[in-house]
Amino acid sequence: MASARGAAGLKRSPYNVRPLLGIPKGYNPVTLAFVLEGSAYRARVDVDRAELHRARAVTCVSELALLRTDGFSGDCWGYPFDWEARYGRLPARTPTIVATGIVTNALFIAYRLLHLDDAFETCRSAARFVLEDLPRTVEDDTFCWGYYPSDTQRVLNATMKGARLCAQIYSVTGDEAFLEPAAQTAAYVARHQREDGSWPYAVGDSRQWADNFHTGYVLDAFDCYEQCTGDDQFQRVKEKGWQYYRNHFFRKNGIPTYYPEQAFPIDATVCAQSLLTLSRFGDVDTASRVADWTIRNMQCADGHFAYQVRRRRVVRIPYMRWSAAYLYAGLSRVAYAFAEGTEGV
């Protein structure tokens, strides 16, 4: 099992040495989820090829069902490789709230935009995994879900993905059993918002940084919670977080940054999530500038997107999960925002 530092080094290397190290290609459910999300948006805005995009979305839903991890209370997903992070060592396919949350969000968008009932039923099943298989760290009348079964680390963007999923199920079923835990864990994240509007990556350990795309995850989840439940108790929290995000993670020319007010690195993950969050919050002009800059500066001659622009070099390795699929979703979301707006997704 590769170390977290080693995996990070491979990802940032200007050369793709994975084949030399015998690292096989994998089939990542998160990659499929981003393709599903992008296809759902494109099916609504690319009228001439709507059926093609819809067919691709239907295929993604079927493929995601094949990639589920068995043995838990509901549908769930993990990464197709052994993973050693800073606070845990996970065998391949160990389900996490993050992978499951990204997959189910794409499924829910496909249900809303394309009326794919199978996608919603998979979301409903996955909510049982979140509610029944993930431990909770309780703080007064709030709590934080663990990152994976048996885990007790408190990662704020991760638990908000659980809140979002439960809120999405509530929006369709009206079942209060999904609303209460969503509100309680959202309250936990709201409680740990800093005075300046930012959130640390985690609570109770050294991971106190704030970065672009994890902040975007939190904001998207708060906004989705509010839209799905009609509960506006976190509106001020959301607005404060949005102001921090918008003022600290974008340069004057609209270029997104990874860390607050630092020019480098700029990576595809940050660009993609910026497109999704800016579009959701109605800042379509900035989203358009980010899209234009990304295409002009990160798309390579053969069409793939570079992974990262660093101060002295560009990492041009093609990554399906971190670059191609994520940007497909982000760019498609901008097109959808221009065509139909932000409501409901």
Report summary line: Ignoring ligands and nucleic acids, THR257 exposes an accessible area, probe 1.4 Å, in Å² to the nearest 10, of 0 Å²
Query - In range of the label at HIS115: residues from the range 162-183 whose backbone nitrogen is under 19 Å from the point 7 Å along Cα→Cβ - result: 172-173
Query raised in the report: How long, wide and thick is the range 163-227, going by the Cα atoms along their three principal axes, in whole angstroms, largest first?
Result: 38, 20, 17
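Kirkwood hydrodynamic radius of the range 25-102 from all distinct Cα pairs, in Å? Numbers along the way, then the final one.
Numbers: mean 1/r = 0.0735 Å⁻¹.
In the range 25-102 this quantity evaluates to 13.6 Å.
Please report the relative contact order for the range 147-201, taking Cα pairs under 8 Å with a sequence separation of at least 6, and give it as a percent rounded to a whole number.
Working: 39 pairs, mean separation 18.7, N = 55.
For the range 147-201, the relative contact order is 34 percent.
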Query - Whole-Hz couplings from phi, Karplus 6.51/-1.76/1.60, listed for the range 185-194; x for Gly and Pro - result: 6, 5, 5, 4, 5, 4, 4, 9, 6, 6
Report summary line: Carbon and sulfur atoms account, in whole percent of the 1.4 Å probe accessible area of the range 61-193, for 44 percent
Query - Overall form of the range 128-198 per C-alpha gyration tensor (a/c, 1.5; a/b vs b/c) - result: oblate
Report summary line: Computed over all unlike Cα pairs, the Kirkwood hydrodynamic radius of the range 248-293 in Å stands at 10.3 Å
Requested in this report: Please build a GNM for the chain, connecting alpha carbons under 10 Å apart, and tell me which residue among CYS60, CYS144, CYS300 fluctuates the most.
Outcome: CYS300
Query raised in the report: Excluding ligands, DNA and RNA, what is the solvent-accessible area per residue of the chain at a probe of 1.4 Å, expressed in Å²?
Result: 43 Å²
Requested in this report: List the residues whose amide H sits under 5 Å from the amide H of PHE81, counting only those 5 or more places along or on another chain, with H placed 1.01 Å from N in the peptide plane.
Outcome: ARG93
Requested in this report: Quick one, can you get me the convex hull of the C-alpha atoms of the range 110-161 expressed as volume per residue in Å³?
Outcome: 89 Å³
Query raised in the report: For the range 261-340, what's the relative contact order in percent, using C-alpha pairs closer than 8 Å and at least 6 residues apart?
Result: 40 percent
Query raised in the report: Accessible area of HIS214, 1.4 Å probe, to the nearest 10 Å²?
Result: 40 Å²
Requested in this report: May I have the extent of the alpha carbons of the chain along their three principal axes, as whole Å values ordered from largest to smallest?
Outcome: 51, 47, 42
Query raised in the report: How long are the semi-axes of the ellipsoid equivalent to the range 253-345, from square roots of 5 times the Cα gyration tensor eigenvalues, in whole Å, largest first?
Result: 22, 15, 10
Query raised in the report: Across the range 107-123, in residue order, what do the Karplus-derived ³J(HN,Hα) couplings come to in whole Hz, using 6.51 cos²θ - 1.76 cosθ + 1.60 with θ = phi - 60° and x for Gly and Pro?
Result: 4, 5, 4, 5, 5, 5, 8, 10, 6, 8, 4, 4, 5, 5, 4, 5, 4
Query raised in the report: Roughly how many nanometres apart are two label points built 7 Å out from the Cα toward the Cβ at ASP82 and ARG207?
Result: 2.1 nm
Query raised in the report: GNM on the chain, C-alpha springs below 10 Å: top fluctuator among GLY38, GLY303, GLY282?
Result: GLY303
Query - In Å², nearest 10: area of PHE234 left accessible to a 1.4 Å probe - result: 20 Å²
Report summary line: Rounded to two decimals, the Debye log10 I(q)/I(0) of the range 130-273 (Cα scatterers, no solvent) at q = 0.13 Å⁻¹ is -0.56
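Return a whole-number percent for the relative contact order of the chain, with Cα pairs under 8 Å and 6 or more residues apart as the contact set.
Working: 619 pairs, mean separation 55.1, N = 345.
That works out to 16 percent.
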Requested in this report: Note down, for the range 209-308, the three equivalent ellipsoid semi-axes (square root of 5 times each alpha carbon gyration tensor eigenvalue), biggest first, whole angstrom.
Outcome: 26, 14, 11
Requested in this report: Could you run the Karplus curve 6.51 cos²θ - 1.76 cosθ + 1.60 with θ = phi - 60° over the range 276-293 and give me ³J(HN,Hα) per residue in whole Hz, x for Gly and Pro?
Outcome: 5, 6, 4, 5, 4, 8, x, 8, 6, 4, 5, 4, 5, 5, 4, 4, 5, 5
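The values are calculated or read from the model by the stated rules, or taken from the named source; none is laboratory data. Remember, it's a predicted structure, so these values are computed and weren't measured experimentally. Reconstructed Cβ throughout: ideal geometry from the backbone, glycine too, with neighbour counts over all protein chains shown. What goes into the accessible areas is simple: the full protein's heavy atoms, side chains included, and nothing from ligands, DNA or RNA. Shrake-Rupley method; radii C 1.70, N 1.55, O 1.52, S 1.80 Å.
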